[in-house]
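Remarks on the structure that follows.
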Ligand SMILES: [Zn+2]
């Protein structure tokens, strides 16, 4: 079981990561909007601009998904259920939480989950 001190450190890491992602998403929204507002007369410019915009949108989608996981983890910290595997109710190893603070499953369950979602 993670100690309160360890959970506090992980909470800080989650909050920091949340802030970074929130500002990244804001930036990529701005970029997408700028690209959409841009007047593209040149075909080459347009191709370049739309591939940039595509990349930004993919990043935004991935980061939104991570943000959702971070928010769930932060809620779990507040309700005292943090660090417990959602599948088997065992404690998630602290090493795993340090590597991935928003982990919702322990390592064995994660492997089963990934196996089932291939
Ligand atoms: Zn588990």
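The values are calculated or read from the model by the stated rules, or taken from the named source; none is laboratory data. In this text, all values refer to a predicted model and were calculated from it rather than measured experimentally. Ideal geometry is used to build each Cβ from the backbone, glycine not excepted, and the neighbour counts take in all protein chains shown.
May I ask you to list the residues in region 9-26 that are under 16 Å from the mean Cα position of the chain (by Cα) and free of Cβ contacts under 8 Å to residues at least 24 places away in the same chain? Steps first, please.
Restricting attention to region 9-26, the residues satisfying the condition of being under 16 Å from the mean Cα position of the chain (by Cα) are 10-26.
Listed by number, the residues that qualify are 12, 16, 19, 20, 23, 26.
Test of understanding: among 34, 118, 98, 75, which residue is within 22 Å of residue 4 (Cα to Cα) and without any contact (Cβ under 8 Å) to a residue 12 or more places away in the chain? Can you show your working first?
Values: 34 fails: within 22 Å of residue 4 (Cα to Cα); 118 fails: within 22 Å of residue 4 (Cα to Cα); 98 fails: without any contact (Cβ under 8 Å) to a residue 12 or more places away in the chain.
Every option except 75 fails the conditions.
Checking the condition modelled with pLDDT under 90 and on the phi < 0 side of the Ramachandran plot, which residue from 16, 78, 100, 36 passes? Talk me through it step by step, then tell me what you get.
Details: 16 fails: modelled with pLDDT under 90; 78 fails: modelled with pLDDT under 90; 100 fails: modelled with pLDDT under 90.
Criteria check complete, one pass: 36.
When you scan region 81-99, how many residues do you find that are under 16 Å from residue 14 (Cβ atoms), within 11 Å of the ligand (Cβ to nearest atom) and surrounded by fewer than 14 Cβ atoms within 10 Å (Cβ to Cβ)?
Counting residues in region 81-99 that are under 16 Å from residue 14 (Cβ atoms), within 11 Å of the ligand (Cβ to nearest atom) and surrounded by fewer than 14 Cβ atoms within 10 Å (Cβ to Cβ) gives 0.
Within region 67-74, identify whether any single residue is at negative phi, within 19 Å of the chain's Cα centre (by Cα) and within 15 Å of the ligand (Cβ to nearest atom), and answer yes or no.
Of the residues in region 67-74, the ones at negative phi are 67-74.
Narrowing the set further to residues that are within 19 Å of the chain's Cα centre (by Cα) leaves 67-74.
Checking the rest, the ones that are also within 15 Å of the ligand (Cβ to nearest atom) come to none.
Within region 67-74, none of the residues are at negative phi, within 19 Å of the chain's Cα centre (by Cα) and within 15 Å of the ligand (Cβ to nearest atom).
Exactly one condition in (1) touching a helix residue (DSSP H, G or I) at 6+ places or on another chain (Cβ under 6 Å); (2) under 18 Å from residue 3 (Cα atoms) is false for residue 67; which is it?
Here residue 67 meets the rest and fails (2).
Which count do you get for residues in region 100-109 that are farther than 14 Å from residue 69 by Cβ and either more than 10 Å from the ligand (Cβ to nearest atom) or surrounded by fewer than 14 Cβ atoms within 10 Å (Cβ to Cβ) (or both)? Steps first, please.
Taking region 100-109 first, the residues farther than 14 Å from residue 69 by Cβ are 106-109.
The next check asks that each one be either more than 10 Å from the ligand (Cβ to nearest atom) or surrounded by fewer than 14 Cβ atoms within 10 Å (Cβ to Cβ) (or both); those that pass are 107-108.
Selection size over region 100-109: 2.
Residue check, residue 112 against (1) touching a helix residue (DSSP H, G or I) at 6+ places or on another chain (Cβ under 7 Å); (2) within 13 Å of the ligand (Cβ to nearest atom), all met but one. Which one?
Of everything listed in (1) touching a helix residue (DSSP H, G or I) at 6+ places or on another chain (Cβ under 7 Å); (2) within 13 Å of the ligand (Cβ to nearest atom), residue 112 misses just condition (1).
Any idea how many residues of region 1-24 are exposed (fewer than 11 other Cβ atoms within 10 Å of the Cβ) and over 14 Å from residue 67 (Cα atoms)?
4
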